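Only one structure is covered here, and it is reproduced in the block below.
The values are calculated or read from the model by the stated rules, or taken from the named source; none is laboratory data. Small disclaimer: the values here were computed from a predicted structure and weren't measured. Backbone-built Cβ (ideal geometry, glycine too); neighbour counts: all protein chains shown.
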Amino acid sequence: MSTVRRLAWRVTRWRPALRTSGRENIEGWLFASPWILGFAFFTAGPMVAAMFLGFAEYDLITPPKWIGSANYARLLRDPLLVSSLKVTSIYAFVRVPLVLLLSMVVATLLNTKLRGLRVYRTMFYLPSILPAAAVSMLWLLVFDHDYGFINSFLRQLGLNGCNWLGDTRYALPSLIVMSLWGFGGSMIIYLAGMQSIPTEYYEAAEVDGAGPIQRWWYITWPLMTPILFYNLVMGLIGSLQVFTEGRIITNGGPENATLFFVLYLYRNAFEYFKLGYAAALSWVLFLYVLILTLLVFRSSSAWVYYTSELKR
């Protein structure tokens, strides 16, 4: 009888813990449900719909009509697909390194002890949170051929300005320069990473006679490579999806010199009402971004260093 009582006591003792664990699981799912529902309805759902529409003909008015692989066959003979993908790739492969370099340099400068440091940090970070449409309109005034700030300044120096946004040679470089305005997002992440590096590392290096450049190269740089890796991946994904600048400032011109891939996708979907073909284009972009991201991940083992690895 005593054995039965002991077993009953143990069961009674553990029952509240089991109930608490179950309640915690339910509460956890409830807290995560907004994200789960948002992902299901606004990410996974549209992806499944795009997968279906890629094999259909759909114009937003009539019901989708199954046409098999015709949309994907059209991709192979579409010259604008290759052109837009090339323009987007040039934009991304030039912009991302410039943003990474600029944000790293500014973060290094802002990591020093300067008067008014908080003001400088706010000034450099603020442009990255401004609406992209408003920033595009601002830069449209800067690059304007007749009344823009750049050409007005050049005329004051007795020089002839360029048609920055109307010339095929300068339109895409102008948009790349404009995009550097928003480097503050990467900068603030670099700055947070630099401030998390233990000061003991720098003190030990200074005792050994290392100068500022040596301390940065042998301490700051290796410990910042994980953050550089994060900024590289996020910057690459974001740059390959550029749309607002090309839509508002140049609308893909001149002569498709700034026809970004997402802008071309947008035109097919909401100007030409070829949503089936636009869905096929979206999967091309998805696979392209996925391949480039996997390549970056694959290369990270050669240049990304973690604190646990450095201690070995």
> Can you tell me which residues in the stretch 238-258 are buried (at least 19 other Cβ atoms within 10 Å of the Cβ) and acidic (Asp, Glu)?
Replying inline: 245
>> Can you say whether residue 236 is in the same structural domain as residue 178 (by TED's automatic domain parsing), within 19 Å of the chain's Cα centre (by Cα), at pLDDT 95 or above and over 20 Å from residue 93 (Cα atoms), as far as the supplied structure shows?
In response: no
> Taking the stretch 182-203 as the region of interest, how many residues are surrounded by 13 or more Cβ atoms within 10 Å (Cβ to Cβ) and not β-branched (Val, Ile, Thr)?
Replying inline: 12
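For the stretch 56-65, name all the residues that are of a type in the set (A, V, I, L, M, F, W, C) and either in contact with a Gly (Cβ under 6 Å, 6 or more places away or on another chain) or in the same structural domain as residue 269 (by TED's automatic domain parsing) (or both).
Passing the criteria: only 56.
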> Which of the residues belonging to the stretch 193-232 are in a helix (DSSP H, G or I) and more than 26 Å from residue 98 (Cα to Cα)?
Replying inline: 199, 200, 201, 202, 203, 204, 205, 206, 207
> Of the residues that sit in the stretch 212-250 and are in contact with a Phe, Trp or Tyr (Cβ under 9 Å, 6 or more places away or on another chain) and of a type in the set (Val, Ile, Thr), which one is nearest to residue 303 (Cα to Cα)?
Replying inline: 225
> What number goes with the only condition from (1) closer than 21 Å to residue 137 by Cα; (2) modelled with pLDDT of 90 or more that residue 214 does not pass?
Replying inline: (1)
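Scan the stretch 154-168 and give yes if some residue there is part of a helix (DSSP H, G or I), without any contact (Cβ under 8 Å) to a residue 40 or more places away in the chain and crowded, with 17+ Cβ neighbours inside 10 Å, otherwise no. I'd like the intermediate steps shown before the answer.
If we filter the stretch 154-168 for residues that are part of a helix (DSSP H, G or I), which is where we start, we get 154-156.
Now narrow it down to the ones that are without any contact (Cβ under 8 Å) to a residue 40 or more places away in the chain: 154-156.
Restricting the remaining residues to those that are crowded, with 17+ Cβ neighbours inside 10 Å gives none.
Scanning the stretch 154-168 turns up no residue that is part of a helix (DSSP H, G or I), without any contact (Cβ under 8 Å) to a residue 40 or more places away in the chain and crowded, with 17+ Cβ neighbours inside 10 Å.
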> So which residues in the stretch 257-285 are part of a loop (DSSP other than H, G, I, E, B) and in contact with an Asp or Glu (Cβ under 6 Å, 6 or more places away or on another chain), if there are any at all?
Replying inline: 273
>> Taking the conditions exactly as written (surrounded by 15 or more Cβ atoms within 10 Å (Cβ to Cβ), modelled with pLDDT of 90 or more and outside the structural domain of residue 215 (by TED's automatic domain parsing)), does residue 34 satisfy them or not?
In response: no
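Does the stretch 108-126 contain any residue that is within 21 Å of residue 266 (Cα to Cα) and touching a residue at least 12 places away in the same chain (Cβ under 8 Å)?
If we filter the stretch 108-126 for residues that are within 21 Å of residue 266 (Cα to Cα), which is where we start, we get none.
The answer is no; no qualifying residue exists.
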> Of the residues 229, 286, 261, which is surrounded by fewer than 15 Cβ atoms within 10 Å (Cβ to Cβ) and either under 22 Å from residue 140 (Cα atoms) or assigned by TED's automatic domain parsing to the domain that holds residue 79 (or both)?
Replying inline: 286
>> Going by what's in this entry, would residue 68 be described as part of a helix (DSSP H, G or I), loosely packed, with under 13 Cβ neighbours inside 10 Å and outside the structural domain of residue 213 (by TED's automatic domain parsing)?
In response: no
> Based on what the data block shows, is residue 152 out of contact with any Leu (no Cβ under 8 Å at 6 or more places or on another chain) and not acidic (Asp, Glu)?
Replying inline: yes
